[in-house]
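Inspection log for the structure reproduced underneath, given as structure tokens.
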């Protein structure tokens, strides 16, 4: 898998920034638990001229994903520990479990009907966000059924991100189980967690962009 994470670019008590190479693209990822840093990311995304044009035409897409700590008790469901968002080559990992507060701006943007939030298993993610954090996502698109419709292949309907990345983008990725089942509520995320979470959000965005633009 041609994916790597670069050295940490910035570090303080509020955020860290990384450059992550995903095949031929370099992604810039912000990792933060600070509400103001998340707001800066969101305002920067919405004020970008290209994104404003896409939004005015109802074409702005944001990749969305969440991660949570595994639970081995069927009666105990853990809340989302991080929220990943990605637009173009800019991603953000917001540490919900470490955040002193969740900015109202996040709830406002998630609730905008003129932005499409895309992901694999996003219906489950949306349900968890509203149940645990009262964050409502107004306009979301499940990528499996969309791929099945666009390619006229019903077997794609229930495919996970790994399979959809291969079918839609022609990219072969790995999703290590040890990272999938790791402690996503850690105060300091490991570099392999940051890489994993960034890849998920970025590929969700890229798959969504390709499928939605497909005639």
- Among the residues of segment 168-201, write down those that are in contact with a helix residue (DSSP H, G or I) (Cβ under 8 Å, 6 or more places away or on another chain), over 10 Å from residue 82 (Cβ atoms) and part of a helix (DSSP H, G or I). 168, 169, 179, 180, 192, 196, 200
- Item | Residue check for residue 61: crowded, with 19+ Cβ neighbours inside 10 Å and at pLDDT below 95 | no
- Message: If I go through segment 71-81 residue by residue, how many of them are within 21 Å of residue 160 (Cα to Cα) and exposed (fewer than 11 other Cβ atoms within 10 Å of the Cβ)?
- Response: 1
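Being farther than 27 Å from residue 51 by Cα and outside any loop (DSSP other than H, G, I, E, B) is the filter here; which residues of segment 66-87 pass it? Give the steps one after another, and end with the answer.
Step one: list which residues in segment 66-87 are farther than 27 Å from residue 51 by Cα, which gives 68-81.
Matches in segment 66-87: 68, 80, 81.
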- Query: Among the candidates 60, 106, 30, which residue alone is in contact (Cβ under 8 Å) with a residue 40 or more places away in the chain and out of contact with any strand residue (DSSP E or B) (no Cβ under 7 Å at 6 or more places or on another chain)?
  - Reply: 106
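The values are calculated or read from the model by the stated rules, or taken from the named source; none is laboratory data. What you see is a predicted model, and the numbers here were worked out from it, not measured in a lab. FYI the Cβ positions are ideal-geometry reconstructions off the backbone, even for glycines, and counts take in every protein chain you see.
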